[in-house]
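Written out below as structure tokens is the structure these notes cover.
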Amino acid sequence: MTNNVYGIDLGTCNMKIYCKASNKIMNEKNTIALVNKNEMYAYGDDAYAMYEKAPETIQVTFPVVGGVIADFNNLQVMLQTYLETHAKGKLRGAEFIVAVPTDITDVEKRAFFDMFYKSKLKPKSVLLCEKPIADAVGLGLNVNEPTGIMVVDIGADTTEISVISLGGLVLSDLLHSGGNKIDESIITYVKRKYNLVIGQKTAQSMKETLGSGIPGNTQTMVVVGRDVVSGLPIEMEMSGAVVYEAIKDNLNTICNSIKMILEKTPPELARDIIHSGIYITGGSSQIHDLDQLFRDITGIEINTCEEPEECVVRGLLKIVSDAKFKHLAFSMKNKILL
């Protein structure tokens, strides 16, 4: 087993790359700033810093939307540049394992495969692995056992709810609702209730600081926005109660989907899930007391983990390095798409 292995999780908001040679996870915003329609001006965290602040000449885009690749060419250039600059291992002839969402078409999966296979990096091999399975392996669970495992991965654009047993997916549901939708709800609510227009980044920091799955967060923070009436920028103090009101419907949508999947779960697997609890991962699972809300609604213990957004990428590396998990990854090299 060489050290030339990279585990890659291309999220809507962040791309996480695990490099075996340095044993580190690189986490960078999945953002590109373009000038003249298609020249790359900046990428990653630098491009994200320009988001909502750039002049008309600079376009800030997100190449992954709803978990699938929306801008193939620019994403490929960004990944190559990023890996050449930051990766400590050799890139030529390296092995790549890439996480893909479950409920996407073969053509969309193929795009993840070709992103590396048809790149200048000339990889030795490119493998794909379904995200929930990598997630479960990253949590340290043995997915090969005949036991039911339920993983809820709450990302930026999507929430994936999956039941896994014997190394495969028994049930899965991909909701187009995640951290970004929650931010949008905060923007809409603040505008409607306080006549205040705030930006996406402000909404995000309100969610991270004040957001809570259950009412009762008494913290406050000062935000700056534009007053709809006067058109001038003003400061306003916002409380946790405001954010709770803004996001509770989004969280309930996720709760209802978890309940629906539980209702469809075969009884024997449901017994395992009640026994071991539901695992929540993904960046947006870090909202305070979200586990408490899910616990209240499902009546099942909720397991959280450290660094939930890096779970998938840790699992990917275990899958390529450990012989007993190797069969969980697949290649699309010889797959003919109809």
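The values are calculated or read from the model by the stated rules, or taken from the named source; none is laboratory data. Everything numeric in this text was worked out from a predicted model, so none of it was measured. Quick reminder, even Gly has a Cβ in these numbers, built from the backbone with ideal geometry, and neighbours come from all protein chains shown. Calculation scope for accessible area: heavy atoms of the full protein, side chains included, ligands and nucleic acids excluded. Shrake-Rupley method; radii C 1.70, N 1.55, O 1.52, S 1.80 Å.
Spatially, the stretch 142-156 and the stretch 54-122 are offset by 25 Å when compared through their Cα centroids. For the chain, the per residue solvent-accessible surface stands at 46 Å², with DNA, RNA and ligands left out and a 1.4 Å probe. Around the amide H of residue 281, modelled in the peptide plane, lie the amide H atoms of 152, 153, 154, all under 5 Å away and 5 or more residues distant in sequence or on another chain. The mean of 1/r over all pairs of different alpha-carbon atoms in the chain, once inverted, gives a Kirkwood hydrodynamic radius of 21.0 Å.
Computed about the Cα centre, the dipole magnitude for the stretch 46-145 is approximately 620 debye when only Lys and Arg (+1) and Asp and Glu (-1) carry charge, each at its Cβ. Only helical runs count toward this figure. For the chain, summing -39,500 (n - 2.57) over DSSP H runs of n ≥ 4 and dividing by all residues gives -11500 deg cm²/dmol at 222 nm.
Take the Cβ atoms of residue 24 and residue 193, set R0 to 45 Å, and the FRET efficiency comes out at 0.55.
For the chain, set up a Gaussian network in which alpha carbons nearer than 10 Å are linked by springs, and say which option among 224, 64, 100 fluctuates the most. For the chain, modelled as a Gaussian network with Cα springs under 10 Å, the answer is 224. Among 29, 333, 53, 248, the order of accessible area from largest down is 53, 333, 248, 29, computed with a 1.4 Å probe on protein heavy atoms. Compactness of the stretch 47-148, taken as the C-alpha radius of gyration over 2.2 N^0.38 Å, stands at 1.29.
Computed in the context of the full set of protein chains, the accessible area of the stretch 1-135 at 1.4 Å probe radius has 49% of its extent on carbon or sulfur. The equivalent ellipsoid of the stretch 103-166 has semi-axes of 26, 15, 10 Å, largest first, where each one is the square root of 5 times an eigenvalue of the Cα gyration tensor. In this simple spin-label model, placing a label point 7 Å from the Cα along the Cα-to-Cβ direction at both residue 105 and residue 264 gives a separation of 2.1 nm.
For the options 232, 175, 316, a Gaussian network treatment of the chain with springs between C-alpha atoms closer than 10 Å singles out 232 as fluctuating the most.
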